[in-house]
Amino acid sequence: MRLNLILNYSPNFNLPKRSKKKINFIIIHYTGMKKEKSAINKLCNPKSDVSSHYFIKENGIVLNLVPDLYQAWHAGKSRWKNFKSLNKYSIGIEIHNPGHNKNYKNFSSKQINSLVYLLKHLMKIYKITYKNVLGHSDISPYRKKDPGEKFPWRQLAKKKLTFWHKLSEKKSYKFRRTEITPIEEKEFINNLYNLGYDKINKVKFNYNKKLLTTAFQRRFRQGLINGIIDKECLLISKSL
């Protein structure tokens, strides 16, 4: 497959250029807007304070908005492991999808095919490990939902373009909704911290615990998104 790439300049990026070695992550987003054209205009509007390096249209065409070596404005307040403010260290890819608040739908096969090609290309150039291909909700679990539970993480993992757990859905399913002990719940949360997720703020701890669990489920247990830690979630976190 040949990547259908079109330059579509956005002025929303930081100077100066960064080195290739500083690019360690790829962050995947959805636009969360109803109209594709409106989303592109927003990412290219100097007054919007947002941008991404790439934009994948519904028909699979890929727009290059910001050159890779400049810092685009897509991640905002974010953290993964010891990295803060991931705009500095990442390439952002926006995939058009209305999102959870505007009739969230499946990503098109053309979008995913283009994404696969783009990921392979970027990972090769910048030597990015598959473990550092993340979603916006991974790095900002307390405020973001994208790319959401309809994004095919497992499909990408089979191509070694990201990571996934090793449990079969049939085996893990029987533990779904099975209650766990407070000690097991603490183990689950620590597993998420070790994986890379940001720690829970002690203010409104239970509320933020639910947000973190929901982000984890959207990524790794897409069949049930309820923010409740059960035995299946614990087993998946152990596998990861």
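Each reported figure results from applying straightforward, stated rules to the coordinates on display, with no laboratory input. Note that this is a predicted model, so its numbers are computed, not measured. Reconstructed Cβ throughout: ideal geometry from the backbone, glycine too, with neighbour counts over all protein chains shown.
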Would you kindly derive the ³J(HN,Hα) couplings of the range 56-68 from the backbone phi angles with the Karplus curve 6.51 cos²θ - 1.76 cosθ + 1.60 (θ = phi - 60°), listing them in order in whole Hz, with x for Gly and Pro? 9, 6, 4, 8, x, 5, 10, 9, 9, 8, 10, x, 3
Quick calc, the range 169-239, dipole around Cα centre from Cβ unit charges on Lys, Arg (+) and Asp, Glu (-), nearest 20 debye, gives 160 debye
Report the net charge of residues surrounding HIS136, where surrounding means a beta-carbon distance below 10 angstrom and charges are Lys +1, Arg +1, Asp -1, Glu -1. 0
Which one, GLY227, THR181, GLY32, projects farthest toward the positive side of the charge dipole computed for the chain from Cβ point charges (K/R +1, D/E -1)? THR181
Using amide H atoms built 1.01 Å from N in the peptide plane, name the residues 5+ places from ILE95, or on other chains, whose amide H lies under 5 Å from its own. HIS29, TYR30, THR31, ILE56
Suppose every Lys and Arg Cβ carries +1 and every Asp and Glu Cβ carries -1, with no other charges. What dipole size does the range 93-202 come out with about its Cα centre, to the nearest 20 debye? 440 debye
Cβ under 15 Å from LYS37's Cβ, LYS37 left aside: what net charge do those residues give with Lys, Arg +1 and Asp, Glu -1? +2
Which value in nm describes the separation of the simple spin-label points at TYR9 and LYS204, placed 7 Å from the Cα toward the beta carbon? 4.2 nm
Packing-based exposure ordering (other Cβ within 10 Å, fewest first) of ARG154, ARG219, ARG79: ARG154, ARG79, ARG219
For the peptides 194-206, 27-39, what is the packing order when you average, over each peptide's residues, the other Cβ atoms within 10 Å and list the highest mean first? 27-39, 194-206
Tell me, what HN-Hα J-couplings in whole Hz come from the Karplus equation 6.51 cos²θ - 1.76 cosθ + 1.60 at θ = phi - 60° for each residue of the range 18-32, using x for Gly and Pro? 9, 7, 4, 5, 7, 8, 10, 10, 10, 10, 9, 10, 10, 6, x
Would you mind working out the magnitude of the charge dipole of the chain relative to its Cα centre, with +1 at each Lys and Arg C-beta and -1 at each Asp and Glu C-beta, to the nearest 20 Debye? 320 debye
For the range 3-72, what size does the Cα cloud have along each of its three principal axes, sorted from largest down, in whole Å? 35, 30, 19
Work out which helices of the chain, taken as complete DSSP H runs, extend at least 15 Å along their axis over the Cα atoms and score a mean Kyte-Doolittle of -1.0 or more, then list them. 109-126, 182-195, 205-220
Computed on Cα atoms only, the convex hull of the chain has an orientation-averaged projected area in nm² of 13.1 nm²
